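Reviewing the structure listed below.
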Amino acid sequence: MNTINSIVYRLCFSDCGRNVLVEYGVKISNPWNVSVGDNVRIIRGAVITTEFPDATLTIMDDVEINTSSFI
């Protein structure tokens, strides 16, 4: 399930690096406004949102966003 979830989000991100894992159960609003670097793990239960439709978010290389994180 994590593999399918990762593939779907990789297709939706504005830019996506290598070795990105987005676990099942992660909630990302407006993923097309999110850019993700290499070696990023987003763990189940994390919530990522861009409050404004034209806002952007960049997650740099080698980042892990853990359970119950709200960005």
Q.
Go through the range 9-26 and report how many residues are within 20 Å of Thr67 (Cα to Cα), at pLDDT 95 or above and of a type in the set (Lys, Arg).
A. 0
Q. Between a first residue in the range 1-16 that is free of Cβ contacts under 8 Å to residues at least 24 places away in the same chain and a second residue that is hydroxyl-bearing (Ser, Thr, Tyr), which pairs have beta carbons less than 6 Å apart while being 6 or more apart in sequence or on different chains?
A. Met1/Tyr24; Asn2/Tyr24; Asn5/Tyr24; Asp15/Ser35
Q: Could you please give the count of residues in the range 1-22 that are open to solvent by 30 Å² or more (accessible area, probe 1.4 Å) and in a loop (DSSP other than H, G, I, E, B)?
A: 4
Q) Out of all the residues in the range 57-69, is one or more in contact with a helix residue (DSSP H, G or I) (Cβ under 9 Å, 6 or more places away or on another chain) and open to solvent by 90 Å² or more (accessible area, probe 1.4 Å)? A) no
Q) Under the condition of being within 11 Å of the chain's Cα centre (by Cα) and polar (S, T, N, Q), which residue from the range 27-39 is nearest to Ser68 (Cα to Cα)? A) Ser29
Q.
Based on this model, can you work out whether Arg44 counts as more than 11 Å from Ile59 (Cβ to Cβ), assigned to a helix (DSSP H, G or I) and out of contact with any helix residue (DSSP H, G or I) (no Cβ under 6 Å at 6 or more places or on another chain)?
A. no
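The values are calculated or read from the model by the stated rules, or taken from the named source; none is laboratory data. Nothing here was measured: the structure is a model prediction, and the numbers come from that model. FYI the Cβ positions are ideal-geometry reconstructions off the backbone, even for glycines, and counts take in every protein chain you see. The protein model used for the area step is the full one, side chains on, heavy atoms only, and it has no ligands, DNA or RNA in it. Shrake-Rupley method; radii C 1.70, N 1.55, O 1.52, S 1.80 Å.
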